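Peer 1: One structure is given below, represented as structure tokens, and several questions about it will come after.
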Amino acid sequence: MATRSNIEWLSALREGGQSQEKAIKELRQLLRRAISNFLSRKSASNARMIYVGHDDLTEECAQESVLLIQSKLDQFRGDSQFTTWAYSIAIRVTLSELRRHRWQATAIEEAGLGNAMPPWPIDNPGPERSLEQRQAWSLLSELIETSLTPLQRKALIAHAFQDMPLDLVAEWLGTNRNSLYKLIHDARKRLKAALLSKGVTHRELIAIFDTPRPERPYLEDGKNPLFHGV
């Protein structure tokens, strides 16, 4: 397979015809290899991870990634190799699909899902820091409980804190994706307003949680399931 420059990739994927078909086929092959290697590494690092239909999952994620990459070609700025940029999109797609498979394979106990904040999720980084974080977590839990409607609270906790994919949250709540987006967007706005009433901005709150555990990414930065989009 010949190596393409960034410009050659972009031109081939945009121009249509046989040139585009060939570029799509090459890109899908590259992504399949990258995704398969990624899944193999994940399996090796966690013996409890079982990927049913590894090849099928690889192909599904590669095809979805190609479509997503084609829709985002105008967003590629050339800061890296095109294939590096494409790989990063493919890995995000794969991680999302893994979450979906995990949820679909797990019996959901609806009595507990979305009803309460999870336990304190951050390991002790030091007495002073831990106290500040625990106080912030307590405030966040209180405001989620008191400032949101029951449906907003269910949706936000299930997605942002229990890592449930949005489409599965929508299915679980008996709504559609667009309505769920609106519901969570309104919940985030209410929560931000409630924080401001306590003299705290959402960015200040996020800054307190600057050492999250890898499995809890929701307080890493401004672009997280808790406050992203508002």
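Peer 1: Please give the contour-minus-distance gain from Ser5 to Arg99: 0.36 nm per residue of separation, less the Cα-Cα distance, rounded to one decimal in nm. Display every interim value, and only then the final one.
Peer 2: Details: separation 94, 0.36 × 94 = 33.84 nm, distance 3.35 nm.
Length gained between Ser5 and Arg99: 30.5 nm.
Peer 1: Here's a follow-up. For Cα pairs less than 8 Å apart in space and 6+ apart in sequence, what is the mean separation divided by the residue count of segment 6-105, i.e. the relative contact order in percent?
Peer 2: Working: 61 pairs, mean separation 30.3, N = 100.
Result for segment 6-105 is 30 percent.
Peer 1: Something else: Separation between the Glu21 and Thr175 pseudo-spin-labels, each 7 Å from Cα along Cα→Cβ, expressed in nm?
Peer 2: 4.4
Peer 1: Rounded, prolate or oblate, given the Cα gyration tensor of segment 6-105, with a/c below 1.5 counting as rounded?
Peer 2: Working: a/c = 2.38, a/b = 2.07, b/c = 1.15.
Because a/c hits 1.5 or more and a/b exceeds b/c, segment 6-105 counts as prolate.
Peer 1: Taking the Cα-to-Cβ direction at Leu68 and at Asp167 and moving 7 Å from each Cα, how far apart do the two end points lie in nm?
Peer 2: Between Leu68 and Asp167, the simple spin-label model gives 1.1 nm.
Peer 1: Starting from the Cα of Lys22, draw a straight line to each of the lysines and keep only those under 25 Å, dropping any in the same chain fewer than 8 residues away.
Peer 2: Lys72
Peer 1: For the residues Thr175, Thr94, Thr149, what sequence is obtained by ranking on other C-beta atoms within 10 Å, fewest first?
Peer 2: On the way: Thr175 16, Thr94 24, Thr149 12.
Listed from fewest to most nearby Cβ atoms, that is Thr149, Thr175, Thr94.
Peer 1: List the pairs from Lys154/Lys189; Lys154/Lys192; Lys42/Lys189; Lys42/Lys192 whose alpha-carbon separation is above 27 Å, in the order I gave them. Provide the component values of the computation, followed by the final result.
Peer 2: On the way: Lys154/Lys189 15 Å; Lys154/Lys192 17 Å; Lys42/Lys189 36 Å; Lys42/Lys192 36 Å.
In this structure, Lys42/Lys189; Lys42/Lys192 lie more than 27 Å apart at Cα.
Peer 1: To continue, here is another question. Taking Cα pairs under 8 Å and at least six residues apart, what relative contact order does segment 127-219 come out at, in percent?
Peer 2: Details: 54 pairs, mean separation 29.1, N = 93.
Computed over segment 127-219, the figure is 31 percent.
Peer 1: Give me the extension gain from Lys182 to Ala207: residue separation times 0.36 nm, minus the current Cα-Cα distance, reported in nm with one decimal.
Peer 2: 6.4 nm
We did not get these values from a lab; they are worked out from the coordinates using the rules stated. From a predicted model like this one, the values you see are computed outputs, not experimental measurements. Every residue, glycine as well, gets a Cβ built from its backbone with ideal geometry; the counts of neighbours run over all protein chains shown.
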